[in-house]
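Taking it in order: structure first as structure tokens, then the write-up.
We did not get these values from a lab; they are worked out from the coordinates using the rules stated. Please read these numbers as outputs of a predicted model, since none were measured by experiment. Positions of Cβ are generated from backbone atoms using ideal geometry, with glycine treated the same way; all protein chains shown enter the neighbour counts.
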Amino acid sequence: MHHHIYETFDRSIRDVMKTIDATLENVPFGCKVVMMGGDFRQMLPIIQKGLRSMIISSSLNRSDVWCHCSIFCLRTNVRISPVQQAWGEFLLAVREGCVGLDVHLATEIQHVSSLSNLIAHVYGTFKDGATELLAKTILTPLNDDVVKVNIMVLDVFPSELMEYFSFDAIPSGKVNNESLYPTEFLNTIDDATMPLHKLRLKIDCIVILL
């Protein structure tokens, strides 16, 4: 969360506690014990259209209350099985820059030089049965990459291509100055909360999940 939330919470508790003891108005969190949990290696506060510096400056450790916090580190990852513990420690070492410039991956991890090679490696010749194809998935963290990979898979998938377009007309009288919003402009809007204007599908198509 943004550090403003913690600071607001701090001021609210001080306002409540000063009714009991006026000196508590100047004590962090009104002398109450507050436990906050989180991991700075994971998701940072979200600042829409924000720069890297803006996102980092919104974190808790940039707040005035941070100097009053005591840090307790959890050393054991209970979310992974014992056989995955070594892999988890390896990922953490890579994150902390403790493995040097040469990172040696496990033998079961293979490297491909391009997206086309990755698609060929995962799906082969696309001649497997539908059940086998549905069991194969390419994961990517960004929506833009999902669209890019889907287009590449559709181009090589041996089936008839079908294209469906969104309804792109503005209801008459619903918007002022309709000429300011031509359909060509509306069709270029690519928002994560909206479906794509052009949906490309093939019979027995593979679904690639984000």
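If the chain linking residue 32 and residue 161 were pulled fully straight, counting 0.36 nm for each residue of separation and taking away their Cα-Cα distance, it would gain 40.1 nm. Note on residue 186/residue 40: beta-carbon distance plugged into 1/(1 + (r/R0)^6) with R0 of 41 Å gives a FRET efficiency of 0.55. Ordered by the number of other Cβ atoms lying within 10 Å of each residue's own Cβ, fewest first, 29, 90 fall into the sequence 90, 29.
Using the alpha-carbon positions of region 3-68, Rg (one decimal) and Dmax (whole number) come out as 14.1, 43 Å. Shown is the FRET efficiency for residue 122 and residue 201, computed with R0 = 22 Å from the Cβ-Cβ distance and rounded to the nearest 0.05: 0.70.
Relative to the current alpha-carbon distance between residue 151 and residue 104, full extension at 0.36 nm per residue lengthens the span by 13.7 nm. Per-residue extension of 0.36 nm, minus the Cα-Cα distance of residue 5 and residue 142, leaves a gain of 46.5 nm for this segment. Calculated FRET efficiency, residue 75 and residue 49, Cβ-Cβ r, R0 22 Å, to nearest 0.05? E between residue 75 and residue 49, to the nearest 0.05, is 0.05. For region 22-27, backbone phi angles converted through the Karplus equation (6.51, -1.76, 1.60; θ = phi - 60°) give residue-by-residue couplings of 4, 6, 6, 5, 9, 9 Hz, Gly and Pro being listed as x.
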